[in-house]
Structure formats: structure tokens, C-alpha cells
1. When you go through (1) in contact (Cβ under 8 Å) with a residue 12 or more places away in the chain; (2) assigned to a helix (DSSP H, G or I); (3) farther than 17 Å from ALA71 by Cβ one by one for ALA10, which number turns out not to apply?
2. Looking only at region 66-75, which residues are surrounded by 11 or more Cβ atoms within 10 Å (Cβ to Cβ) and either part of a helix (DSSP H, G or I) or without any contact (Cβ under 8 Å) to a residue 12 or more places away in the chain (or both)?
3. Kindly indicate whether any position in region 53-61 is in a helix (DSSP H, G or I), over 30 Å from PRO95 (Cβ atoms) and not hydrophobic (A, V, I, L, M, F, W, C).
4. Does region 37-47 contain any residue that is of a type outside the set (Asp, Glu) and in contact with a Leu (Cβ under 6 Å, 6 or more places away or on another chain)?
5. Pairs please, first residue from region 29-42 and without any contact (Cβ under 8 Å) to a residue 24 or more places away in the chain, second anywhere and not in a loop (DSSP other than H, G, I, E, B), Cβ atoms under 7 Å, 6+ apart in sequence or on different chains.
6. Assess whether LYS91 counts as being exposed (fewer than 10 other Cβ atoms within 10 Å of the Cβ) and over 14 Å from the mean Cα position of the chain (by Cα).
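Taken together, the values in this text are just the output of simple stated rules run on the coordinates, not laboratory data. Quantities reported herein were computed from a predicted structural model and do not represent experimental measurements. Backbone-built Cβ (ideal geometry, glycine too); neighbour counts: all protein chains shown.
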Amino acid sequence: MSSRIWLVLACVYGIVNLIVFGMYALDKKKAEGGKWRTPESKLISAAIVGIIGALLGMVVCHHKTRKLKFAVGLPIIFFTEVIMVTMVYVKFILPK
């Protein structure tokens, strides 16, 4: 793939992670204000596509850090994605 495609993919991935971080930050703000919250299933689903933003949202905003499904689940999603990306890289990109 050309370097331009990699740049576009990196930008899209960055934007997605910013959106996911925003979801976590907004949910934390709503939690502190006692307002309507984002369902946990949506936060976890968002983490699947933007795991870095979700992890940063947990750490920076101190959000969902005591919930086991987040404290354990998000790192599992992260390492699973790292393994998958590595496998794709080794199988399809590296052999060239």
C-alpha cells in the first residue's frame, strides 16, 4: 500500500479514538452530575473500534476503573487487537 493510504488510515483511526475518548469523558462528566449515562454495552462496543481512546478515557478520567468488565475486558481487547494486527502484518505486509 502506498504511504498516502497508510496516512489516511492512521488519521481515521486517530479520529475514531478521539471520539471514543470523548464518549468516556462525557459519560464520566454525566456520572458526576447524576445525569443520564451511556450504556456500558455501548462503551465496550466503542472500545472494540477505538481501544486506545477507551483506555485513555479510563486512565485520564478515572472512569470505569473499578468495574471488572472494563478493568479486565479493555486490556483483553487491546492485546487481542495487537495480536490480530501483528498476524495481518506478518502474513500480508511483511512478505513483500
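1. (1)
2. LYS69, PHE70, ALA71, GLY73, LEU74, PRO75 - these are the residues of region 66-75 that are surrounded by 11 or more Cβ atoms within 10 Å (Cβ to Cβ) and either part of a helix (DSSP H, G or I) or without any contact (Cβ under 8 Å) to a residue 12 or more places away in the chain (or both).
3. Within region 53-61, the first condition is being in a helix (DSSP H, G or I), and the residues that meet it are 53-61.
Still in the list and also over 30 Å from PRO95 (Cβ atoms): 53-61.
Filter once more, so that each one left must be not hydrophobic (A, V, I, L, M, F, W, C): 53, 57.
So far as region 53-61 goes, yes, one or more of its residues are in a helix (DSSP H, G or I), over 30 Å from PRO95 (Cβ atoms) and not hydrophobic (A, V, I, L, M, F, W, C).
4. Restricting attention to region 37-47, the residues satisfying the condition of being of a type outside the set (Asp, Glu) are 37-39, 41-47.
Pick out the ones that are also in contact with a Leu (Cβ under 6 Å, 6 or more places away or on another chain) and you get 47.
Yes, the conditions are met somewhere in region 37-47.
5. Sorted first by the residue in region 29-42, then by its partner, the pairs are TRP36/LYS30; ARG37/ASP27; ARG37/LYS30; ARG37/ALA31; THR38/MET23; THR38/ASP27.
6. Here the answer is yes, as LYS91 does meet what is asked.
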